[in-house]
Amino acid sequence: MVYIRNIALPDFPLLLAPMEDVSDPPFRAVCKQGGADLMYTEFISSEGLIRAAAKSRQKLDVFDYERPIGIQLFGSDVDTMGECARLSTEAGPDLIDINYGCPVKQVACRGAGAALLRDIPKMVDMTAAVVRATHLPVTVKTRLGWDEDTKNVEEVAERLQDVGIEALTIHGRTRVQMYKGEADWRLIAAIKNNPRIKIPIFGNGDIDSAQKAVEYKNRYGVDGIMIGRAAIGYPWIFREVKHYVATGQLLAPPTVEERVQACRMHFEKSLEWKGPRAGVFEMRRHYAQYFRGLEGARQWRSRLVDTNDPLEIFAIMDEITAAEPMLVG
C-alpha cells in the first residue's frame, strides 16, 4: 500500500491529473469507473475563490463516489493561499494539492504555478501557510525547474517535505518546455532514491500506454504515476495499466458499446452538473477522443456537435452502438 497520511492507496496507484477545463466532476466520474485511484479537481485560483467567483466556487464540488479526491489550488499570494486552503477544506475533500507546475502564461506570468520555481523561499512560505490552514494532508505537483539551467526540483522536494507536504508529483519537464519534447524522469528517480525523502513520489509526463507505465515503473522506481492527456476520451487506460502490471498481458481495447456507454455517462453527468446548455456545449470537446479510431468517427462527431438537443445526442449514441463501426486505427 501507498499512504498519504491516512489515505490508503493500492501498490503503484494511478492518479488522474488535474487538467483545466477537463478534470471536472463528469470527467472524473468516468475515470473513477475506469480505475483511477486518486483524482484531483481542476486547479482553482485562490484569488478567484476569495472573490467568490462563481466558476471557482463551482470547482469545489466533490462527491463521495470520487473519493479519495483532492482539491488543487494555485495562486501568487502567500496569505491568500492559506485562506483559500481553509475555504477548500470546508468543501470536504480528502486532501489539498498545490499547483507549482502550470506553465501557461496566464498563470506563470502572474507569479503562480510554475513561476514559484523561480522563488523557492516564497514557495516554501506558501506551502507552510497552506499546511497550517488545513487539517488535511497537503500534496504538491511541480516540474523539474523553470528551464534547463535551473532544474531545482531536488531542493524543492526536500524543503517542501520539511514544511509538511505528504506526497509530491513531478512532471518531467521544465516550465520553458511546456508540453514539448520528451519528459525526463531521471531527476524524478533521483528524488525517489534520496534517503532524505520519506513521502510518496509520483511521476508524470508522457504515460500514454500500459507498456510505458510499466517500463517507467521498473526503470524509475516511483511510487505511482499520474496520467493526464492520455485519459481524455480514454478512461480505460487506468484498467489497462493495472491489468498489465498484474499480469504482463495487454487488455483488448474497449468495445464500441463500452465507448458509447462511457461517453453517455460523461454526457449525463455533464447535463446534471452543468445544466442543459453548458452540458451540451462543453461535452463537444470530448466526442472526437471517445470515438477516435472508429470507422466513420468524423461523421459521428459532426452530427453530435451539430445539435443542441440532449435527446437527439442520446439517439445518435444509440445509432453508433447499433452500427458497431470497426476500429480502424
In degrees, nearest ten, helix 120-133 long axis to first principal axis of the chain (Cα): 70
Over segment 146-284, what is the relative contact order in whole percent, taking alpha-carbon pairs under 8 Å and six or more residues apart? 17
Would you be so kind as to identify which of Ala129, Ile165, Asn152 lies farthest towards the positive end of the dipole of segment 118-166, taking Lys and Arg as +1 and Asp and Glu as -1 on Cβ and the Cα centre as origin? Ala129
I need the trypsin sites (Lys or Arg not before Pro) found in segment 189-234, filtered to DSSP loop residues with at most 14 other beta carbons within 10 Å of theirs. Arg196, Lys198
What is the Cα centroid distance between segment 142-181 and segment 294-326, reported in whole angstrom? 42
Set of lysines with alpha-carbon distance to Lys212 below 22 Å, sequence-local pairs under 8 removed: Lys32, Lys141, Lys180, Lys192, Lys242
Beta bridge orientation in segment 1-133: antiparallel %, DSSP, nearest 5: 25
The chain: antiparallel DSSP beta bridges as a percent of all, rounded to 5: 10
Show that you can apply the helix-only estimate: for the chain, add -39,500 (n - 2.57) for every DSSP H stretch of four or more residues, divide by all residues, and state [θ] at 222 nm to the nearest 500. -12500 deg cm²/dmol
What's the carbon and sulfur percent of the chain's accessible surface, probe 1.4 angstrom, rounded to a whole number? 49
For segment 12-35 and segment 229-252, what is the separation of their Cα centres, given in Å? 14
Tilt of helix 78-90 relative to the longest C-alpha principal axis of the chain, in degrees (0 to 90, nearest 10)? 50
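The values are calculated or read from the model by the stated rules, or taken from the named source; none is laboratory data. Since this is a predicted model, take the numbers as computed values, not measurements. As a convention, Cβ positions derive from the backbone with ideal geometry for all residues, glycine included, and neighbour counts pool all protein chains shown. For accessibility, only protein heavy atoms count, side chains too; no ligands or nucleic acids. Shrake-Rupley method; radii C 1.70, N 1.55, O 1.52, S 1.80 Å.
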